[in-house]
1. Can you pull out the residues in the range 6-53 that are open to solvent by less than 40 Å² (accessible area, probe 1.4 Å), more than 24 Å from residue 63 (Cβ to Cβ) and touching a residue at least 24 places away in the same chain (Cβ under 8 Å)?
2. Out of (1) basic (Lys, Arg); (2) open to solvent by less than 30 Å² (accessible area, probe 1.4 Å); (3) at pLDDT 75 or above, the odd one out for residue 3 is which?
3. Conditions first: (1) modelled with pLDDT under 90; (2) within 29 Å of residue 296 (Cα to Cα); (3) assigned to a helix (DSSP H, G or I); (4) open to solvent by less than 80 Å² (accessible area, probe 1.4 Å). Residue 261 passes all but one, so which condition is the exception?
4. Does residue 136 satisfy the condition of being acidic (Asp, Glu), out of contact with any Pro (no Cβ under 8 Å at 6 or more places or on another chain), at pLDDT below 75 and in a helix (DSSP H, G or I)?
5. Among (1) open to solvent by less than 40 Å² (accessible area, probe 1.4 Å); (2) part of a helix (DSSP H, G or I), which single condition is residue 272 missing?
6. Spot the failing condition for residue 325; the list is (1) part of a helix (DSSP H, G or I); (2) closer than 27 Å to residue 179 by Cα; (3) out of contact with any Phe, Trp or Tyr (no Cβ under 8 Å at 6 or more places or on another chain), and only one is missed.
7. List pairs: first in the range 140-163 and farther than 11 Å from residue 216 by Cβ, second outside any helix (DSSP H, G or I) and aromatic (Phe, Trp, Tyr), Cβ under 7 Å, 6+ apart or cross-chain?
8. Within the range 279-298, how many residues are in a helix (DSSP H, G or I) and open to solvent by 20 Å² or more (accessible area, probe 1.4 Å)?
Amino acid sequence: MLKVGELAALARLTVRTLHHYDSIGLLQPSARSDAGYRLYDRNDVARLHQIQALRSFGMSLADIGLYLDSPAGSPLAVIDRQLATLDRQMLEAARMREQLQRLRAELASGGQPDLSTWLDSLEQMSMYEKYFTQDELARLPMYHDEAIKAQFKRLTEEAEELIRTQVAPDSDTARDFGRRWLDAFGRGTGGDAELAARVNLMAEREKGSVSMPEHLMRYVMAVIGELKYAIWSRYLEPSVIARMRSHWARRGHEWAPLIGQVREQMRRDPDAAQPASRALGRQWMALFHDMVGTDPEAVAGFRRATEEESMLRKGSGISDEAVIWLRKGLAAG
């Protein structure tokens with residue numbers, strides 16, 4: 001058995017960290033010496049391996065405790081997850097190596113890679129990592145799937161051509177493009193509402209970058225907006241549609257950060273019982289009423305449209321689970 005100082009040295013952790021794990025019940029030693037020193041056995045060390053592996057995936061200590069106490073938290077499951085992450089990292093390293101080799105070949109031949117080539121390489125290395133853990137990136141097809149990356153490149157080029165030729169966002173041509181963009185977005189986020197919400201937040205904060213030129217994102221969002229307004233108009237009065245347009249022009253940028261906050265709080269408080277959860281529910285409803293108004297008929301029409309029309313839910317990052325969680329918090333408040 002190992003004393004706390006010995007385990008800390010071997011695991012390259014501080015004794016204080018192991019004491020903290022013990023105090024919160026995450027890793028409690030199996031025994032104590034006659035003098036009261038913590039003693040760790042093989043099973044304790046195996047659990048520490050699982051804890052450190054899950055931390056490397058970006059999981060909080062509270063979530064790690066819940067995960068390890070669930071059937072999914074077996075040592076085999078954690079090892080499999082580590083292997084999958086390493087496989088993803090090796091694949092990304094290989095792709096980055098190819099990119100660097102192309103840059104090197106061009107430089108070695110006396111060429112000068114243009115600015116966009118350098119910036120694309122730089123963004124590939126840094127932008128996504130600001131918003132996603134390595135485990136999440138492994139689940140995000142638009143980050144590692146070359147076919148999906150190529151599809152978005154084609155759609156981006158198509159959008160640039162639509163802008164150049166001044167195709168109106170409410171035209172049939174633009175709406176067809178919007179449907180294909182949303183379908184690609186769904187595949188690119190693996191149908192995961194949480195990943196979609198994070199991508200939307202990244203797009204909002206990084207617009208103006210090489211990967212997300214502001215004029216292009218503004219046009220794409222306008223096209224998707226017109227596509228959805230056409231559907232909502234079958235359920236809502238023109239005055240409500242006008243109100244929604246005004247809301248998105250003034251406050252549309254507030255939705256992506258708020259959805260991100262909701263997703264984070266859902267992990268911290270699954271039962272929506274904390275005051276912070278109820279506060280987010282009130283903030284959500286205030287923004288919703290600014291968009292749709294408080295007329296019961298308009299609210300009911302909006303909700304019926306959202307439930308019946310799958311197109312309205314595409315790309316939003318809002319899941320049924322999140323809506324249920326918000327309603328639970330509001331009911332508790």
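1. 31, 33, 39
2. (2)
3. (4)
4. Details: acidic (Asp, Glu): yes; out of contact with any Pro (no Cβ under 8 Å at 6 or more places or on another chain): yes; at pLDDT below 75: no; in a helix (DSSP H, G or I): yes.
Considered against the rule, which asks whether it is acidic (Asp, Glu), out of contact with any Pro (no Cβ under 8 Å at 6 or more places or on another chain), at pLDDT below 75 and in a helix (DSSP H, G or I), residue 136 comes out as no.
5. With (1) open to solvent by less than 40 Å² (accessible area, probe 1.4 Å); (2) part of a helix (DSSP H, G or I) applied to residue 272, the lone miss is (2).
6. All conditions are met except number (2).
7. Short answer, once both residue conditions are applied: 140/132.
8. Residues of the range 279-298 that are in a helix (DSSP H, G or I), as a first pass: 279-292, 296-298.
Then drop every residue that is not open to solvent by 20 Å² or more (accessible area, probe 1.4 Å), which leaves 279, 282-286, 289-290, 296-297.
Matching residues across the range 279-298 total 10.
The values are calculated or read from the model by the stated rules, or taken from the named source; none is laboratory data. Everything numeric in this text was worked out from a predicted model, so none of it was measured. Using ideal geometry, Cβ is built from the backbone for each residue, glycine included, and neighbour counts are taken over all protein chains shown. SASA here: full protein model, heavy atoms, side chains in, ligands and nucleic acids out. Shrake-Rupley method; radii C 1.70, N 1.55, O 1.52, S 1.80 Å.
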